[in-house]
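Working notes for the structure below.
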Amino acid sequence: MTRIVGVHGVLQYRPGDPLRAGEAIAAQWREHLGPDRPPGLEVAYFADLVRKPGAYGEPLNVDRLDADAWSLLTSYLVAALPDLDDGGRLRVSPRTGMAILAGRRNVNGAATHGFLVAFAREAARFLRAHGRAGTREAVTARVARRMAGADVVVAHSLGAVVAYETLWAHSPIAIPLLITIGSPLAVPGAVFPHLSSPTVDGRRGRPPNVDRWIDVLDPRDLFAVPGGEVAALFDGVEAHAERRVPAFDAHQPGGYLRSEPVGRALTGLDLVNRAGSGQVDRAVEG
């Protein structure tokens, strides 16, 4: 059976056992994939590691962001609103910038505020190089344990950043197929400069332990589009653009999981095992 490991995005925290939390998210993903997709899907859960220690709920309020998250959000808005870029600084407050962005994209302002605050907060905690020591290492170590032996990794939103960093940090893991959906990897300032992989002429590469990388993007996705598609800044990526759902829901995993490029990659997967090793040799789209 094909083993698929998902890596979730933001706002996925569930109290209690991380294994049960991951299974709850996996059950939702399996519903989106539908009955004709490969059944062996699980989710690598990390949301408990990118939240404030001891906090059950954190208000989705831009005024409650710490300095790192504030800086990340500002960098994101500079990329999303280039006409408001004042030498790398936003000409308006982040709160105003989010309202302008929501208006231009014709999406709900309060929901945009909440999702962007959550993204900035969780991404900053994962990517920061100081403060709460070891968060990136703790997240990638846990996700690596789930990824080991997977035939396919499907990584959504911040999970695409986590999966990418995990694969670079844990080179013994071999993944025949990586699918990123709604990925913010290419967002300049906010994400791209903080990745650990090497750059060549301002570009980063596909992890060397990944045979094939497919990136699926809805061009209306608030998180994935600022700064350009992943293929614009990463080598070795097969890019697909797909419009599937109403504009604000464009970032949700369900629309991506039901999309034609993802379905084609999964249902047409031909996995050949190395004799006696249990390791996957290659993945070919049929």
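What to note about this one:
Here's the yes/no breakdown for (1) modelled with pLDDT of 85 or more; (2) in contact with a Leu (Cβ under 9 Å, 6 or more places away or on another chain):
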residue: GLY182; (1), (2): yes, yes
residue: HIS194; (1), (2): yes, yes
residue: ARG206; (1), (2): yes, yes
residue: ARG212; (1), (2): yes, yes
residue: GLY227; (1), (2): no, yes
residue: PHE234; (1), (2): yes, yes
residue: GLU238; (1), (2): yes, no
residue: ASP249; (1), (2): no, no
residue: ARG264; (1), (2): yes, no
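- Exactly one residue among VAL143, VAL162, VAL210, VAL154 is aliphatic (A, V, I, L, M), under 21 Å from ARG3 (Cα atoms) and surrounded by fewer than 24 Cβ atoms within 10 Å (Cβ to Cβ), and that residue is VAL210.
- Meets criteria (modelled with pLDDT under 95 and among the aromatic types (Phe, Trp, Tyr)) for PHE115: yes
- From the list ASP48, ASP68, ASP36, the lone residue that is assigned to a loop (DSSP other than H, G, I, E, B), in contact with a helix residue (DSSP H, G or I) (Cβ under 7 Å, 6 or more places away or on another chain) and among the charged types (D, E, K, R) is ASP36.
Yes/no per residue for (1) assigned to a loop (DSSP other than H, G, I, E, B); (2) charged (D, E, K, R); (3) under 24 Å from PHE115 (Cβ atoms):
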site	(1), (2), (3)
ALA141	no, no, no
GLY149	yes, no, no
ALA155	no, no, yes
GLY159	no, no, yes
LEU167	no, no, no
PRO172	yes, no, no
VAL187	yes, no, yes
SER197	yes, no, no
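- Lone qualifier among ILE181, ILE214, ILE175 - being closer than 29 Å to ASP85 by Cα and not assigned by TED's automatic domain parsing to the domain that holds GLY88: ILE181
- Residues in the stretch 187-206 that are in contact with a helix residue (DSSP H, G or I) (Cβ under 7 Å, 6 or more places away or on another chain) and surrounded by fewer than 24 Cβ atoms within 10 Å (Cβ to Cβ): PRO188, GLY189, HIS194, LEU195, SER196, SER197.
- Candidates ALA47, ALA21, ALA27: the one that is under 21 Å from the mean Cα position of the chain (by Cα), small (Gly, Ala, Ser) and surrounded by fewer than 17 Cβ atoms within 10 Å (Cβ to Cβ) is ALA27.
- If you check ALA150, ALA232, ALA160 for being more than 11 Å from the chain's Cα centre (by Cα) and closer than 30 Å to GLY103 by Cα, only one passes: ALA232.
- The set of residues from the stretch 90-114 being aliphatic (A, V, I, L, M), in a helix (DSSP H, G or I) and within 16 Å of ALA224 (Cα to Cα) comprises MET98, LEU101, ALA102.
- Among the residues of this structure, GLY6 does not count as one that is surrounded by fewer than 21 Cβ atoms within 10 Å (Cβ to Cβ) and either out of contact with any Ser or Thr (no Cβ under 8 Å at 6 or more places or on another chain) or assigned to a helix (DSSP H, G or I) (or both).
The values are calculated or read from the model by the stated rules, or taken from the named source; none is laboratory data. In this text the structure is predicted, and so the values were computed from the model without any measurement. As a convention, Cβ positions derive from the backbone with ideal geometry for all residues, glycine included, and neighbour counts pool all protein chains shown.
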